[in-house]
Each structure stands twice: as structure tokens, then as C-alpha cells.
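Right, one structure below, let's go through it.
Throughout, read-outs are computed from the coordinates displayed, never taken from laboratory work. Please read all numbers here as calculations on a predicted model, not as lab measurements. Please note: Cβ atoms are built from the backbone with ideal geometry, for glycine as well, and neighbour counts cover all protein chains shown.
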Amino acid sequence: MGIIGEPLDRVDGRLKVTGGARYAGEFRVPGMVHATLVQSTIAAGAIAEFDLNAARAMQGVLEIITPDNALKLSTKGGGPQTVKAPLLQDRAIHYNGQHIAIVVADTLDQALAAAARVRVRYHATEPATEMDAVLDRAYPPKQFRNGARPPDSHRGDAAAAFVQGAVKVDATYITPMEHHNPMEPHATIARWDGERLIVWTSTQGISPAQTTLATLFGLDKKQVHVVCPFVGGGFGCKGSTWPPVTLTAMAAKIVQRPVKLVLTRAQMFTSNGYRPRTIQKLKFAADANGRLTSMRHDGFSQMSQPVLGEFSEPVALSTEMLYACDNVSISHRIVPMNTGLPTYMRAPGEASGNFALESAIDELAVALKLDPLEFRLRNYAEQDPHENKPFASKVLRACYQQGSAMFGWARRQPEPRSMRNRSMLVGWGMATGTYPTNQQPAHVRVRIGSDHTIILQSGTQDLGTGTYTVMAQVAAETLSVPFASVRFELGDSRFPPAPVSGGSCTAASVGSAVRAACEAARDRVFDLARRDAQLGWHNLPSSALRMENGDVVGPNARIALAELVRRSGEDAVETTAGAALDDAAKHFSRHAFGAQFAEVQVDPDLGTIRVTRWVGAFDGGRVLNAKTAHSQLIGGITFGIGMALLEETHLDRRSGRIVNANVAEYLLPVNADIPDIRAILVPNDERNSNPLGVKGIGELPMVGVAAAIANAVYHATGKRVRKVPIRIEDVLT
Amino acid sequence: MQSFQLQRPHTIDAAVAAASRGGTYIAGGSDLMQLIKDNVEAPDNLIDLEQLKLTGIRADANGLRLEAMARMSDVAAHPGVRQHFPVISEALLASASPQVRNMGTIGGNLLQRTRCGYFRDTGFDCNKRVPGSGCPAIGGENRMLAILGGSSHCIATNASDLAVALVALDATLELRGANRAQRTVKLRDFHRLPGTTPNIETVLAPGEMIEAVVVPATPAGPRSHYLKVRDRTSFEFALVSAAVALQVNNGTIEDVRVAAGGVGTKPWHLPEVEAALRNKAPTQQHLREAAEQAGQGAQPASQNAFKLILLRRTVLRALQTAAA
């Protein structure tokens, strides 16, 4: 066994807890000035006029940039995820809280004070701010899953099978608008050196940021340098290059000084996307033996005005593949509103869609008088029923077994309101989770130095998940060198390119590239060894050599890597290589799985709902670091508890303005809300998903949490709540 | 955020004099700084009360006196407060977070502004912030807002937990005004109903400050309890809360104090519940019947009708706990 999987402390832990880790907004750039955004207070219409006299007269103000004096940006190119507005390119208003001006001043205080003096007069028009009222405007997304999937799919005849079903569920489920609220707000510092632009920015994707900025400012990619060594949480809201990044660069170009822009917490609600509200209509049926015969899942998700871009919450994709069912029909529609552009938020579609899917499965189990776990086992999909492919691996059965055993599921009394802890109603609920295994092309440079250091570089990101650490583990094991001799560097666009850290793809994508690059580097080293005059290995094949604890070992001799490099006359051996999804993996359906078991206690008089126990068992494929993986699992479950019981962005229905744009009233779980969480990583040492056998576990653990809680609340109270967050008034009787 | 002058007077008289010239008091700053950062408040002169050393805490069988600058955390942990007035300690510990309680003061807590999201965002109209501009909250996101004491101009909830406990205990405020004027006012009379002037929240005269809170000795004090119901288990303002104090002698309730939070535009005294219990035996039925009296005249908005049911349940649970 190697070092992959070992529960090592994260290598950047000490830096982070001592404040030594430098985040984007903390870089000190000489001559830097400060910017702040001014945002609209109407949701639809246009700016009639600005009154900037008072603001311009304020001390320290360098410039106020509005659509009237903003730089015109190039619109050539741009990928399907491009955020097209608001970039101060015109006076139109598409949502409340839209950026309409940027104030630049010598100090932050001066910028903020001046921003408060900007006066705006609008031509307001009637906004669309209530999703239910404009459902008839729904239309199919044009770029569903970035064009990779059709928004609708059908197999069999779901409608006919529904009619024939012995038991049926026909219900609508609702998930709310949610905001990511990472600890670190979006922050950007931009500096121009002639026609070269450098930005320090908090992002989940430095390569896309580089491309986007190059496109907008008409530059070659090489002229844009993006730096992001640490990210204080992203959860999807730092996946796209949002307008504040671009506007900071624009401001820096106009004032010809380095400019820093850090969003306020309130601006984090209007500047970088959100999980859109969804309305999901499900019609499921089963036969009398408890076999699913029909599944129809129609998803509607809140969207902005199309001029801003497009995002659709893909709620029904899991429904295609999670259970064996011959008749399945799904559709996705988006509902244009005067709200900002929605975006990816931890398990986008999977988490929100699973709430509906796994609630409906529970409702069917109740109707069948079957144990919910037994019902799921009867409909276990041995292969992917949508793709008609074998799974790369699927140890979901073991997840069910180990999770239910640890939880004590067998002791569950099926009748609602039948279990009590003194006066409290006790509910036990469960749900299945799944998340696709994603892999994107990634590249890594390896430098084996004569100074006994091994440095790897990749233009990837560490969102706080442990990328620095786990990639060093993959490298150390692949090269058979001591972990301490390896340093993994990331967060710089001058490094070889890597994908957006999204879709839980970093471990699989960059990990595979690290492995490939280290294998290539090892071959280079073996070449050096064979060429070495003293070792006498000239006629040996590579297979006669091996690496061991930092040495190259061959017949009758061994030599330290650094020594070998030194003797070759070079400072270092440098190799760059990449990896992408290989053909072998394409023969498989690649998914991670999980089984969630929840206990809630509900006060029968006061309606307070508290989660009191949790067991989650997960099939995440091969684990790179048991400690950081465990942190991901308990973090994801915590995120799901927030979704189930607390998180919701409140939109004023008349103005379309967010009413709780702060973390006092936008409720995230606190420690007291979170019980002892038991997270099991079910062993699955596979190699089909990719050569490392990694499935990605950043998003998986939150999938199923909301449904498990809703199902537990039903079991506790007898009330089926088909929306989240589930609130006191939903169970108060 | 606008820049401001900061004064740090060493005497109450100097502070009051400065405030009478147009200054704004700042105590712990945990609320006011937020309001300043959000441009809800833009004071030119801040008068920091830290140097007044008004931090005394006295609590025993003879009653309680808390000076205005006593820290929430210090009062909550004070042995005399915990022994003789547990409802005060519990209300404080149910407030905010340890960090905020370490900064927040007793006087500041009683003067904290509403959490109504429309008030706290200058992008909305608000009669409390800009008199006459209108109230989008009443027909908008009103789940957290008041069902008692509102007007067509404002239904913003008073957010203080401490005030609920102190209203139940019939606390008195010692006020200091210009020219060394001193007066006292009952806390129950201190906060004003919004009426047509929701921007005027208390009976404080310009420049007047709270020097201390006084609670008279009451045999009901030791048997008191604060119950706070909220969506999140901690660090959240009350959806509904109840403060109760009971004195039971020979199987009869001789004294009873009840007030509620999260439901009123001011900390809400519930004399109807008290009247229903006085001189009765603390039986489950009596407690239940009394709790049902809570919230008479409630006028819920579209999203918060459940608060009336929850209020009665919360009062009942608090009474049951105190009576047990």
C-alpha cells in the first residue's frame, strides 16, 4: 500500500490557521486603489439618468464608471457558461441589485462613502418576480448541460404505465432560491502593465478566467495572468468569471492604477449566481409487487432574462438512471424572471432533483406499505438503465447495508408518529444519493530537482478541499518518493491548464494528470539512469528499473533521484503531461453513490425540527486521503441539512429585491444544528472510472440529505412536506 | 458608510451634553456599526460611552440594577442574576452569539433596531427609515414580522430578547437628560407603538440616555424562565419567545409575569395571561386556559398567521417549565 488514501493532515493547514495563507484580496500591490459597486434598486427597465455630482465631489474619488463611460468590451467568442451581463455595456436593467456603476477611490472608505451618494433615476417597467405567476413563459434550455445532454428524454411509455400502476404518486415539489455564501467573498485585484493584465481573484477556474478576460478585453490569452493560490470556499459561485472580476480590470485600465474590489456580503447575493428555485412535477407508479413501472419528472427552474446568459438546474437527470424502471420520461424547462443569472451550487440538479425524486420514492413505499429501504432494493439498477451500460462500479448495496446497520434501521417502526423520545416525536428517514463522476482534460508539470525537491505545477485550484495535499500524495506514490519531498503548486495561469474545479472533477481530472505526468517523469528518469556512465544499466529495459523511496533501483545498484539528475548535468528533469477521460472509461456509466440515514426529533407542540443523528455511507470510488475525504462528507451532509431546514433567499414579490441579503437572516446551519455525523466510506478499490479509480466526493454527500430529512419528518409527524426548507409552520398542527 | 467624528467623554453629563448638540451614542456597536455600514444610519458625531465605566451589576434578593454599559455576557454569567432572575440570564444567553454578547451592552440591547429586512436595506422604502415613504414589508416578506401592535405604517418586530424578560419583570429605566435631568420610565412604556410615526421608537428625548435598568425585588424572580423558538438552534432572532415568572404559595399562583417576543412591534406584555392565572392553582388546565388568552387582537400578515398558535404554545411551554 502506498500513501494514496492515507489520512494526512493538509499541507496548507498551518498556513491557514496562522493567517499565512494569502487569499486574493490580501495581496499587497503598490499603488493600489479601491473600488465598490453601485447596484440598481429596480428589477426591470432602464437607467434614465445618473446624478454623480455629489459623489464625484467626495474626497479621494478617482472615477465613477457607468454605462456612459465604461470601456466597450469585445463579445467575440465566449463559451456556453459565459456571463454576458451586467458589464456596464448599456443602461438596461434586468434585475434588482444589478451592477450599474463602479466607484474608484484612494481608500475603501472613500469609495463606499461616494457610492452612497450616487443618485439614479430610472424608467421602471413591470418586472417578472413571481415564478408561479410566469410559469407559462417556460421554455426549453438551449444549452442544457452546456449542450452535452438533451433537456428531455423518454424511454418506454411513462404515461401508459402510470395509468396501469397499482400505487401512484402525483405531486409537486419545490426547492427554493439559495445562495452559496462561502466564507470568503469574491475579491479581485487587477493591475495592467501596458497591454498585460494580471488579476488576483478568488475563483474556481483560473483558466476560464484567463480566457474570459482575454476575450472581453481583446487580448491574447498569454497577456492575461490569473493568480489564485487559495479559495475560501466556492460551492459553485466562483465557477464562472462573474462581472465584478471584469469590472475590476476595467476600472484598473481606466484609472491606470491597480484596483481592488471585494464584494460586500449583501453584494454576494446579486453578483455571482444562486441555486434557482425549482418546481418539480413528479408522477411515479409501481406495481403491487413494489416494482417501479413509471417515472415522470418535469422540472421547471428559475432563470434570469436570457440576455444575461443561461443556466438550468438539471433536476431530473438522476431520475433517468437511479432505479431500474422501463418507463421514464423527463423534461427540463426554464422560467425567465427579472432576477440575476442562476448558477451551479453544490450538486446542482442532483441535490434539488433528488429531494423530489427520493421524497416521491418514499411516498410510494408508504403507499405500498413497504420499508423504504426494501423498496429501493427491489428496484436496484444493476446497470445504468438510461445509458444501457454497466456501471464502472457501484457498491450502493454495501452502502445501504453498512449505513442501515450502523444506524439501526431495522429497529424502525413503520407507522408515523409511533416513535418517541420522551415528549419528542422521533422520525427516521433515508434516501439514496448519486452524483456523476466527471473528468475533464488537465495538465501537470513535474520538476525533479537536483536539490532533492520535486515540484508539481498545475493551473488548478484548491477550494479548501485539500487539492494541495492529495495531489502530492498521488505524486509521491506514483514516483515512489517521500511525501515530504513533493510540493504541489497551483492557482497560477502560467502553469499547465486544468479545468474549473466544479462537478467534483478535480480529484479525477488533475489526479489522473498528476499520475500521467509522474509516470512520464519516471520514464525520463529511467532514461537518465540508463545513460548514466557509472551505473552500467545501458542495455537494460525500463522494466528492469524501479523507484523506491526516492531512489532509482536497478540490478546491483541504487541512486538517489537528485543525485542522478545532478550527474546528468541539469538542475532538474522537467516533464509536462496531461490526462483526459480514456476510451476504456467511456464504456462505463460512471457515478458515485450514497445512502443517507437521518433521525429527526420534532416538538409536537412547538414544531421545532432538529436533526439528532446521521449516518451516511458512500461509494466514492478510491479515496485519495481519508481525512480530507471525511471532511468533505460531513461538510456535504451539513450543507444538505441547511438546504432541508434553513436556507432560503427571500425575494420581495413586488420589487424582485432580495430581503435577506445577509447571514443573520439567510440562515446557514450553526454547530448547534448539526448532530454527530457518522460518515462511512465504503471500500471500492476500482480502476474503471479512471486509472486512479476516483469518483469525486465534493458534491455527493449533500445529495439525498434533504429527502432523508423530509422523509424523517413525515415519519415523525405524519405530515408530508413537499418543499424545502421545512419550517416550523409546516408541521405545526 | 460616511465618515464621522468620535467623542469619548468621561462623564455622563459630558456625554449627554454632546448628544444634545446632535450626537449619536454608541455602546457595544454591534448593531449601530452594521447600520452605519449599510447606510441606514449616517451619524456625523458618535459619542462612545465606554469611558463612563457604567458597567455595574447588582442582583440579589432586594432586586436588580444593571448599568447601561454592562456587557450582555457579564450579566448573563452573574451569580446573582442567575439565582434571583434566571429569566434575564436565559434571555441573554439565547441572544446572538458569544462574540456579540461580549460586545453588546444592556442599554444598547434595549435600543437595538428591528431586523426587518426592508428597514435594513436602503434599496427599499420604509416608513421607519424614511417617514412617509411607505411599507413594502406589510404586503411582502412578513413571516418574521409582528402580529401585535402594528399599524398600516409598520409591523416591524422588536428584536430584543432581554427586553421581553425585563418587560415581564416590570423593569424601570433610569434616564439621564440634558442639564442633569433625571427621570425614570417603565420599560413597558419605553418603546412606542409605530402608529403613524414608526420612526420614533422610544420615549427618549433628544440627547437622553439610559443610565441603568432596575428590577424591583419579586418573589417570582427565582422561578422564571425564558423560552425562545426559532428555526435555527442558536444565533437567530426569535420567531416567538416567552418570558415567564411565577410565585406559587400553598398551591396558588400569587404572582405571575408573562411577556412575549417576536410577535409585537414592542416587547409584548401579556397581562391577559397573568390575570387568568393569578390566584389559581398551577394545574395543566389552568396553564393551558391562560396561555390561550395570549395574543388577543392579533392581526397577522399573509405569512405569519401561525405565530399566534405558536405564541400560545410557547407561553404554555414556558409556564409549564416554570411551574414544574
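The antiparallel fraction among DSSP beta bridges confined to the protein assembly as shown stands at about 80%.
Taking amide H as placed 1.01 Å from N in the peptide plane, A:THR41 has its amide H under 5 Å from the amide H of A:GLY97, each at least 5 places away in sequence or on another chain. Which net charge results for the neighbourhood of B:GLY22, defined as the other residues with beta-carbon distances under 15 angstrom from its beta-carbon, given Lys and Arg at +1 and Asp and Glu at -1? Value of the local net charge: -2. If R0 is 60 Å, the Cβ-Cβ spacing of A:HIS538 and A:ASP193 corresponds to a FRET efficiency of close to 0.75. Taking every alpha-carbon pair under 8 Å whose residues sit at least 6 apart, chain A reaches a relative contact order of 17 percent. Applying a DSSP loop filter and a limit of 15 other Cβ atoms within 10 Å to the GluC sites (Glu not before Pro) in segment A:541-650 leaves A:GLU570. P(r) tail for segment B:23-148: Cα pairs beyond 21 Å make up 50% of the total. For segment A:418-447, trypsin sites (Lys or Arg not before Pro) meeting the loop criterion (DSSP other than H, G, I, E, B) and having at most 11 other Cβ atoms within 10 Å: A:ARG422. What aspartates and glutamates could a cross-link reach from A:LYS627, if we take a straight Cα to Cα line under 13 Å and drop same-chain neighbours fewer than 8 places away? Excluding near neighbours in sequence, the set is A:GLU6, A:ASP9. If R0 is taken as 41 Å, the Cβ-Cβ distance between A:ALA580 and A:ASP136 corresponds to a FRET efficiency of 0.45. Computed over chain A, the per-residue total of -39500 (n - 2.57) for DSSP H runs of n ≥ 4 gives a 222 nm mean residue ellipticity of -7000 deg cm²/dmol, rounded to 500. Quick check: Cα centre of segment B:58-128 to Cα centre of segment A:535-598, how many Å? After rounding, the separation between the Cα centres reads 63 Å. Database remark: amide H of A:ILE334 closer than 5 angstrom to the amide H of A:TYR139, A:SER301 (H placed geometrically; neighbours at sequence offset of 5 or more, or on other chains; Pro and chain starts carry no H).
Shielding by partners for peptide A:604-612, expressed as the average number of C-beta atoms from other protein chains within 10 Å of each residue's C-beta, is 4.
Fully extending the segment from A:ARG420 to A:MET32, taken as 0.36 nm per residue of separation minus the present Cα-Cα distance, adds 133.5 nm. Seen from B:ARG176, the other residues with C-beta closer than 12 Å to its C-beta sum to a net charge of -3, counting Lys and Arg as +1 and Asp and Glu as -1. Among the trypsin sites (Lys or Arg not before Pro) in segment A:150-238, none sits in a DSSP loop with a Cβ that has at most 13 other Cβ atoms within 10 Å. 3J(HN,Hα) along segment A:25-39, derived from phi through the Karplus expression 6.51 cos²θ - 1.76 cosθ + 1.60 where θ = phi - 60°, amounts to x, 9, 5, 9, 10, x, x, 5, 10, 10, 10, 9, 8, 10, 10 Hz, with x in place of Gly and Pro. For a label point 7 Å from the Cα of B:SER302 along Cα→C-beta, name the residues of segment A:294-323 whose backbone N is under 11 Å from it. Zone members listed by number: none at all. Using a cutoff of 8 angstrom between alpha carbon atoms and counting only pairs six or more residues apart, the relative contact order for segment B:38-103 works out to 24 percent. Of the beta bridges in segment B:1-151, as assigned by DSSP with both residues counted there, near 45 percent are antiparallel.
Label sites at A:GLU49 and A:VAL663, each approximated as a point 7 angstrom past Cα along Cα to Cβ, lie 4.2 nm apart. In sequence order, segment A:221-230 has phi-based couplings of 3, 5, 7, 10, 10, 10, 10, 7, x, 9 Hz under the Karplus curve 6.51 cos²θ - 1.76 cosθ + 1.60, θ = phi - 60°, and Gly or Pro positions carry x. Its relative contact order, with pairs defined as Cα atoms under 8 Å and 6+ residues apart, puts chain B at 18 percent.
Our coupling estimate for segment A:354-359, obtained by passing each phi through the Karplus curve with A = 6.51, B = -1.76, C = 1.60 and θ = phi - 60°, is 5, 4, 6, 4, 7, 6 Hz, Gly and Pro reported as x.
Taking a threshold of 21 Å on the Cα-Cα distance, which of the pairs A:LYS84/A:LYS695; A:LYS222/A:LYS253; A:LYS72/A:LYS221; A:LYS84/A:LYS281; B:LYS128/B:LYS228; A:LYS142/A:LYS586 fall above it? Violating the 21 Å Cα-Cα cut-off are A:LYS84/A:LYS695; A:LYS84/A:LYS281; B:LYS128/B:LYS228; A:LYS142/A:LYS586. Between the residues B:VAL248, B:PRO219, B:LEU145, the greatest Cα displacement towards the positive end of the dipole of chain B, with unit charges on the Cβ of Lys, Arg, Asp and Glu, is found for B:VAL248. In a fully extended conformation the segment linking B:ASP170 and B:GLN285 would gain 38.8 nm over its present Cα-Cα distance, using 0.36 nm per residue. A Förster radius of 22 Å, combined with the Cβ-Cβ distance separating A:ASP523 from A:VAL553, puts the computed FRET efficiency at roughly 0.90. Based on DSSP H segments of at least four residues, each scored -39500 (n - 2.57), chain B has a per-residue ellipticity at 222 nm of -7000 deg cm²/dmol.
About the Cα centre of chain A, what is the dipole size in debye to 20, counting +1 per Lys and Arg Cβ and -1 per Asp and Glu Cβ, all else neutral?
With Lys and Arg at +1 and Asp and Glu at -1, about 260 debye.
Taking amide H positions as modeled 1.01 Å from N, with prolines and chain starts lacking one, the residues under 5 Å from A:ASN660 and 5 or more places away or on another chain are A:HIS650. Computed extension gain for A:ASP492 through A:ASP152, at 0.36 nm per residue and net of the alpha carbon distance, reaches 118.5 nm.
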